[in-house]
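Engineer: Before we start, here is the structure in question, set down as structure tokens.
The values are calculated or read from the model by the stated rules, or taken from the named source; none is laboratory data. What you are looking at is a predicted structure, and each value in this text was computed from that prediction instead of being measured. Heads up, the Cβs are rebuilt from the backbone with ideal geometry, glycines too, and the neighbour counts pull from every protein chain shown. In case anyone asks, the SASA skips ligands and DNA or RNA and just uses the protein heavy atoms, side chains included. Shrake-Rupley method; radii C 1.70, N 1.55, O 1.52, S 1.80 Å.
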Amino acid sequence: MANDRFSIFKVISEALGGHKGWQPMWREPEPKPAYDVIIVGGGGHGLAAAYYLAKVYGVKNIAVVEKGWIGSGNVGRNTTIIRSNYLLPGNVPFYELSMKLWEGLEQDFNYNAMISQRGIINLFHSDAQRDAYVRRGNAMRLHGVDAELLDAAGVKKHLPFLNFTNNRFPIQGGLRQARGGTVRHDAVAWGYARGADAQGVDIIQSCEVTGIRTEKGRAVGIETTRGYIGAKKIGLACAGNSSRVASMAGLNLPIESHVLQAFVSEGIKPFIDTVVTFGAGHFYISQSDKGGLVFGGDLDGYNSYAQRGNLPTIEDVCEGGMALMPAIGRVRLLRHWGGIMDMSMDGSPIIDKTPIDGLYLNAGWCYGGFKATPASGFCFAHLLAKDEMHSVGTAYRLDRFATGHTIDEKGVGAQPNLH
Amino acid sequence: MRITCPHCGNRSLDEFIYLGDATVQRPDPARPDALAAFVDYVYQRENPVGRHRELWYHNAGCHAWLVVTRDVRTHEIFGVEPAKEVSLSEKTTGAAR
Amino acid sequence: MANRTLELRSAVPELSRNSRIGRQDGPARLVVSEMTGLSVVSIAARKGQSGSLQGAVKKLFKIELPNTPRRVEAGGVAFLWAGPDQWIAITDMAVHPDFDRELVAKLGKFASFTDQGDARTLIRVSGPASREVIATGVPLDLHPRAFQPDDVALTHASHIAVTIWQIDEEPTFVFAVARGFARSFWHWLSDSGSVHGIEVSPGT
């Protein structure tokens with residue numbers, strides 16, 4: 001294996017030796033003719049699935065194929081927030097498993113992912129919204145998840161600089177999950193890639209899937225830009241490109257691809273030590289360890305495969321930010337970018353078999369995929385290894401749209417750009 | 001991205017509201033396979049990479065529904081037609097699916 | 001029952017009196033006044049009757065109803081395009097006190113007419129800074145190359161739906177704003193214009 005174990009002794013000895021002994025984090029193998037399992041998509045979810053598949057479920061002959069490079073997709077484009085403050089029964093246990101995996105992740109894969117449980121506060125502005133958050137908090141606590149209802153004074157203790165008396169959205173309080181927080185997103189990709197590689201997984205970058213070969217209704221391999229690769233099982237974890245890759249196998253998905261923008265300001269001194277969401281104003285924000293304010297808002301709202309957004313949404317997000325915290329008015333915007341979200345029709349993900357034998361799907365993460373990375377990988381690995389869903393993810397069926405068992409956290413119906 | 005409304009002219013994106021895929025058609029509820037057809041109509045999308053026919057509403061303008069043909073990778077717009085005309089011509093030519 | 005008289009009240013009290021807002025030195029570079037005493041009627045052609053309506057209007061008012069975002073005026077009545085097969089007619093309330101009923105009587109076969117006199121606030125904006133100020137909230141190119149007298153646009157100003165048209169090359173623009181949003185509109189306009197100095201004169 002290419003990598004060594006990280007430890008304080010290793011760091012000290014490398015420091016003394018001029019850092020000449022560090023090895024690449026993972027190998028760059030040529031694809032083998034065939035694997036037991038191929039995972040299409042080397043993002044967070046695909047890499048996590050390969051990692052747990054090898055480490056927990058004992059499958060050894062695995063490849064992850066990635067059309068770009070590790071970290072080039074949504075795992076490196078999100079705003080790094082983790083939380084498990086969900087309401088619906090199909091969601092809460094799943095996201096709580098994810099939170100628990102986050103809590104042990106750095107020790108588990110021996111990599112510093114800068115996991116910071118700095119807490120997350122969802123603001124409310126009316127009695128009705130407070131009631132909705134009380135209900136959510138109760139649902140969380142019933143599932144053993146931490147939740148705390150703050151009144152305006154409670155919010156003020158954490159975030160004294162918010163505009164509490166905004167005429168349209170006066171802040172009445174917030175729902176806080178203290179265990180929520182942020183994670184260095186690239187390090188998640190790198191940590192899982194390194195960990196999977198150490199388990200013998202082949203990570204094949206610059207390898208775009210161009211076709212899925214089926215024989216007698218069974219998927220048997222993938223055509224790629226680096227040749228044909230056979231597989232007993234194929235798992236798709238292609239995020240915004242899920243529809244495109246699934247269509248290679250003749251599948252139509254309940255998914256639209258939309259662009260979501262994210263923003264980072266110039267670095268400033270420590271200012272916000274938690275994550276705040278201002279849902280009513282389409283704005284949420286945290287501060288990175290480098291000092292940049294990391295923030296975002298709503299989808300641009302139209303189908304898009306372009307990893308960049310348009311100006312009206314930038315204006316909308318900045319207006320939301322100014323309404324919530326006028327103090328940031330003079331901070332300069334450093335960068336903004338877009339990622340392609342696989343927006344499902346009910347706003348919840350799909351981890352399931354497909355109608356094609358040997359082809360498995362992990363998709364529909366909307367803009368909530370990053371926090372789900374560990375549990376998504378774990379459950380997808382479980383599904384690929386055992387051909388049945390892990391107990392926490394049984395609601396994420398592909399056929400739930402036909403059977404009426406949709407999981408609509410936001411309650412907006414089959415309108416992906418509103419989730 | 002700007003959209004040239006056939007009534008108002010070239011306008012900023014923030015005047016418009018997006019609905020979605022314009023190629024889906026409400027099935028006949030009397031069809032024997034109506035249930036499956038409705039599941040497709042409500043939930044399943046082609047979600048193509050490239051040209052996409054989609055419905056936009058000129059909300060802060062003339063309030064017309066428009067059928068826009070756009071490349072979803074580049075936002076290049078190939079055509080904008082009033083949805084009313086598209087619908088009427090589909091009715092007369094029977095072009096509806 | 002006792003007779004009651006309805007009192008005409010502006011939706012934007014700040015526009016009912018002379019004032020100078022913002023920058024005080026030099027001449028005001030933005031001049032704002034509310035246009036009052038007007039009858040405003042919206043017109044929507046009945047299905048398939050747009051052609052007949054346009055013919056009847058031509059006979060009655062000697063003008064062509066515009067099919068593009070334009071304003072036409074004849075005999076003290078202005079017609080503004082307001083969307084496909086829709087228009088707004090504006091005239092002097094003193095001359096046409098029941099303009100909607102007048103139009104229904106003459107043209108009711110071809111279209112629906114709704115009095116908008118109490119639903120829209122009309123605000124006139126002129127002065128050398130007008131284009132610059134309007135550009136802070138309106139996503140349209142108002143350069144003379146792109147927008148000229150008698151051009152009309154349905155758009156928004158600082159997120160508020162408006163109809164805007166130009167009446168002369170000074171330039172003078174008129175905004176029609178829903179009455180309930182008129183004060184928010186004024187909030188934006190006065191905020192954006194104050195650096196130039198705003199002269200407000202009461203309604204005319």
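Engineer: Any idea how many residues of the stretch A:116-151 are crowded, with 17+ Cβ neighbours inside 10 Å and of a type in the set (A, V, I, L, M, F, W, C)?
Structural biologist: Adding up the residues that qualify gives 9.
Engineer: Of these, B:Thr23, B:Thr93, B:Thr74, B:Thr4, which one is open to solvent by 50 Å² or more (accessible area, probe 1.4 Å), β-branched (Val, Ile, Thr), over 22 Å from C:Lys47 (Cβ atoms) and free of Cβ contacts under 8 Å to residues at least 40 places away in the same chain?
Structural biologist: B:Thr74
Engineer: Related question: How many residues does the stretch C:40-91 hold that are away from chain B (no Cβ under 14 Å), more than 17 Å from the chain's Cα centre (by Cα) and either among the aromatic types (Phe, Trp, Tyr) or on the phi > 0 side of the Ramachandran plot (or both)?
Structural biologist: So the answer is 3.
Engineer: Moving on. Can you name every residue in the stretch A:279-305 that is within 14 Å of chain B (Cβ to nearest Cβ) and free of Cβ contacts under 8 Å to residues at least 40 places away in the same chain?
Structural biologist: Step one: of the stretch A:279-305, the residues within 14 Å of chain B (Cβ to nearest Cβ) are A:282, A:297-305.
Listed by number, the residues that qualify are A:His282, A:Gly297, A:Asp298.
Engineer: Follow-up question, since we're still on this one. Mind counting the residues in the stretch B:26-46 that are within 11 Å of another protein chain (Cβ to nearest Cβ) and free of Cβ contacts under 8 Å to residues at least 24 places away in the same chain?
Structural biologist: Number satisfying all stated conditions: 9.
Engineer: On to the next question. Whether any residue in the stretch A:366-382 is modelled with pLDDT of 95 or more and within 14 Å of another protein chain (Cβ to nearest Cβ) is what I want to check. Explain how you work it out, then say what you get.
Structural biologist: Keep residues of the stretch A:366-382 that are modelled with pLDDT of 95 or more, which gives A:366, A:369-382.
Within this subset, residues satisfying the condition of being within 14 Å of another protein chain (Cβ to nearest Cβ) are A:366.
Yes, the stretch A:366-382 contains a residue that is modelled with pLDDT of 95 or more and within 14 Å of another protein chain (Cβ to nearest Cβ).
Engineer: Which one is nearest to A:Phe94 (Cα to Cα) among residues in the stretch A:128-171 that are without any contact (Cβ under 8 Å) to a residue 40 or more places away in the chain and assigned to a loop (DSSP other than H, G, I, E, B)?
Structural biologist: Only one residue tops the list, namely A:Asp146.
Engineer: Continuing with this model, one more query. Has the stretch C:96-107 got at least one residue that is surrounded by 18 or more Cβ atoms within 10 Å (Cβ to Cβ) and in a loop (DSSP other than H, G, I, E, B)?
Structural biologist: Looking through the stretch C:96-107, at least one residue is surrounded by 18 or more Cβ atoms within 10 Å (Cβ to Cβ) and in a loop (DSSP other than H, G, I, E, B).
Engineer: Continuing with this model, one more query. Which number in (1) out of contact with any strand residue (DSSP E or B) (no Cβ under 9 Å at 6 or more places or on another chain); (2) within 8 Å of another protein chain (Cβ to nearest Cβ); (3) in a helix (DSSP H, G or I) marks the one condition that B:Asp14 misses?
Structural biologist: Every condition holds for B:Asp14 apart from (1).
Engineer: Another one. Could you list, in sequence order, the residues of the stretch C:20-30 that are assigned to a strand (DSSP E or B) and open to solvent by less than 40 Å² (accessible area, probe 1.4 Å)? Break it down into steps so the answer makes sense when it comes.
Structural biologist: In the first step, residues of the stretch C:20-30 are kept if they are assigned to a strand (DSSP E or B); the result is C:20-21, C:30.
Hit for the stretch C:20-30 is C:Leu30, nothing else.
Engineer: Turning to a different aspect of this structure: Got at least one residue in the stretch A:237-247 being in contact with a Phe, Trp or Tyr (Cβ under 8 Å, 6 or more places away or on another chain), assigned to a strand (DSSP E or B) and either within 14 Å of chain B (Cβ to nearest Cβ) or over 23 Å from A:Ile350 (Cβ atoms) (or both)?
Structural biologist: No: the stretch A:237-247 contains no residue that is in contact with a Phe, Trp or Tyr (Cβ under 8 Å, 6 or more places away or on another chain), assigned to a strand (DSSP E or B) and either within 14 Å of chain B (Cβ to nearest Cβ) or over 23 Å from A:Ile350 (Cβ atoms) (or both).
Engineer: Quick one: how many residues across the stretch C:60-72 are touching a residue at least 60 places away in the same chain (Cβ under 8 Å) and either out of contact with any strand residue (DSSP E or B) (no Cβ under 9 Å at 6 or more places or on another chain) or open to solvent by 80 Å² or more (accessible area, probe 1.4 Å) (or both)?
Structural biologist: Here the count works out to 1.
Engineer: For C:Ile164, indicate whether it is touching a residue at least 24 places away in the same chain (Cβ under 8 Å), farther than 22 Å from C:Ala119 by Cβ, of a type outside the set (Phe, Trp, Tyr) and open to solvent by less than 10 Å² (accessible area, probe 1.4 Å).
Structural biologist: no
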